[in-house]
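Notes for the one structure printed next.
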Amino acid sequence: MVNEPSACYAYSQAFLRDLLSDENLSKEEQLLRLRQAYICLNAVTAWAVEADNLESIHNVAELGLFHCWHIVRNQPARKKPTKHDQALFVLLNQYIKLFLTCSDRYLEKTVRSHGDRLHALSVAVNSREAVDVNLALFELLGRLAMHGIWTVSLRDTMQQNDEEALSVLRKTTERTIDALIGLINANPTLLSPFRDDHMIEIALVMYLAQITGNAARFTPWIAEIANKATLALILNSHYPIAKRDYHDLLNHPGAAEPEYRNEVCPGSILYPYLYLWLHRIGDETATTEYVERLTELLPNCTHQVWLPDEETDKCLWLGDTYHGVCVTDVAPSQGFKKVAEVIDTAMENCLNLNEVSAVKSGLIVLFLAACRHYRMPIPPHFWFTDQ
């Protein structure tokens, strides 16, 4: 099944969950099962490479990393790590290396080779359906952004006296930023997200842009997304919808009636995010037009943000999605001051983000990767890095 991405992922997920979901393993059993899973993941990714299925090696290696962290995260903090702690961290490092190797191989053959050629990757999707191209390109965009966030994270944690390694990571990050810009410029579908949860990919790109000092290079892109998303509502074209089912996306848009829009856009995480970015950019005309369009055409849409709660750290790494806090009352029509006040209050009263094990351990990148992988919204803590 290694030549079929969905089947390869499903079997790998079942295997990893069966092996690594138990939190009450003995120390010996932890090490044994992590080593067994690592060996199997290496075999699966090697077979997938032979079958020229680079889609599978990226997904499966990332999935294995999350399951590994599910075991490692429970280790108590110690000033002097025990031999068991050291063995676990060595294994975690091996899982990270496996994933980054697979990710690099995947990106090298796709976006780095053809990303800046006009429509090249869109045509490579090999489908006449616009929805197939849009879904594939946003998936690629998110993976590329996460790879950049990984290199920044590794650079920040590396010893400063290792100039050669730091230089390589800096150049890799710069190359990723350039690849993102080339990908967006060469594939216009990335200006028009078809799914509301493409907010995740957009937020990851903007997070990477901010932590690398490149936000100004991407603000025209996010402003154009906001314009096209609301213009599509007027034209009854491919505006973002909350549905994820492929057949729903394929048959969208339906009737240009309020009843249909209420059905496919009952809530949104994308529109509040775009609104706050428009306000930050400072284009008052574009912001006013954006709010007016949403108010007129999606009056019943519940605009919302998601934040982690006490159950998140236990559920996230294995792919359970019933956790976290949904905060509503952030409709752009209320104005920036009200929306910012609601989000700030929620961040103050909900779980401290540092209580999430990966964030607490300095691996913010792992938390963001899990959000993308399991389709959990990016929390507002990462929307603007200077606040």
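For the range 195-207, the count of residues that are charged (D, E, K, R), modelled with pLDDT of 95 or more, in contact with a helix residue (DSSP H, G or I) (Cβ under 8 Å, 6 or more places away or on another chain) and over 23 Å from residue 292 (Cα atoms) is nonzero.
From 287, 345, which residue is exposed (fewer than 14 other Cβ atoms within 10 Å of the Cβ) and either at pLDDT 95 or above or not assigned by TED's automatic domain parsing to the domain that holds residue 89 (or both)? None of the other options fit; the residue is 345.
Annotation note: Cβ proximity below 7 Å between a residue of the range 100-120 that is at positive phi and a residue that is part of a helix (DSSP H, G or I) (sequence gap 6+ or interchain) occurs for 119/186. With respect to the conditions (1) free of Cβ contacts under 8 Å to residues at least 60 places away in the same chain; (2) more than 18 Å from residue 268 (Cβ to Cβ), residue 335 lacks only one, and its number is (2). Total residues in the range 122-181 satisfying the condition of being in a loop (DSSP other than H, G, I, E, B) and under 24 Å from residue 210 (Cβ atoms): the figure is 2.
What residue, of 321, 312, is out of contact with any helix residue (DSSP H, G or I) (no Cβ under 7 Å at 6 or more places or on another chain), under 21 Å from residue 201 (Cα atoms) and in the same structural domain as residue 207 (by TED's automatic domain parsing)? Walk me through how you get there before you give the answer.
Details: 321 fails: out of contact with any helix residue (DSSP H, G or I) (no Cβ under 7 Å at 6 or more places or on another chain).
The match here is 312.
The set of residues from the range 91-119 being of a type in the set (Gly, Ala, Ser) and at pLDDT 95 or above comprises just one member, 103. Residues of the range 235-257 that are under 25 Å from the mean Cα position of the chain (by Cα) and either outside the structural domain of residue 297 (by TED's automatic domain parsing) or surrounded by 14 or more Cβ atoms within 10 Å (Cβ to Cβ) (or both): 238, 239, 240, 241, 242, 243, 248, 249, 252. The set of residues in the range 226-247 that are assigned to a helix (DSSP H, G or I) and more than 12 Å from residue 196 (Cβ to Cβ) comprises 226, 227, 228, 230, 231, 232, 233, 234, 235, 246, 247. At least 1 residues being more than 25 Å from residue 15 (Cα to Cα) is the threshold, and among the helices (runs of 4 or more DSSP H) wholly inside the range 279-383 those reaching it are 284-297, 336-349, 357-360, 364-374. Inspection of the range 71-78 identifies at least one residue that is touching a Pro at 6+ places or on another chain (Cβ under 9 Å), assigned by TED's automatic domain parsing to the domain that holds residue 17 and surrounded by fewer than 22 Cβ atoms within 10 Å (Cβ to Cβ). Only one of the numbered conditions (1) over 19 Å from the mean Cα position of the chain (by Cα); (2) surrounded by fewer than 22 Cβ atoms within 10 Å (Cβ to Cβ) is not met by residue 215, and that is (1). Taken together, 54, 34 contain a single residue that is at pLDDT 95 or above and either touching a Cys at 6+ places or on another chain (Cβ under 9 Å) or outside the structural domain of residue 67 (by TED's automatic domain parsing) (or both), which is 34.
The values are calculated or read from the model by the stated rules, or taken from the named source; none is laboratory data. Please read all numbers here as calculations on a predicted model, not as lab measurements. In this analysis, Cβ positions are derived from the backbone assuming ideal geometry, glycine residues included, and neighbour counts consider all displayed protein chains.
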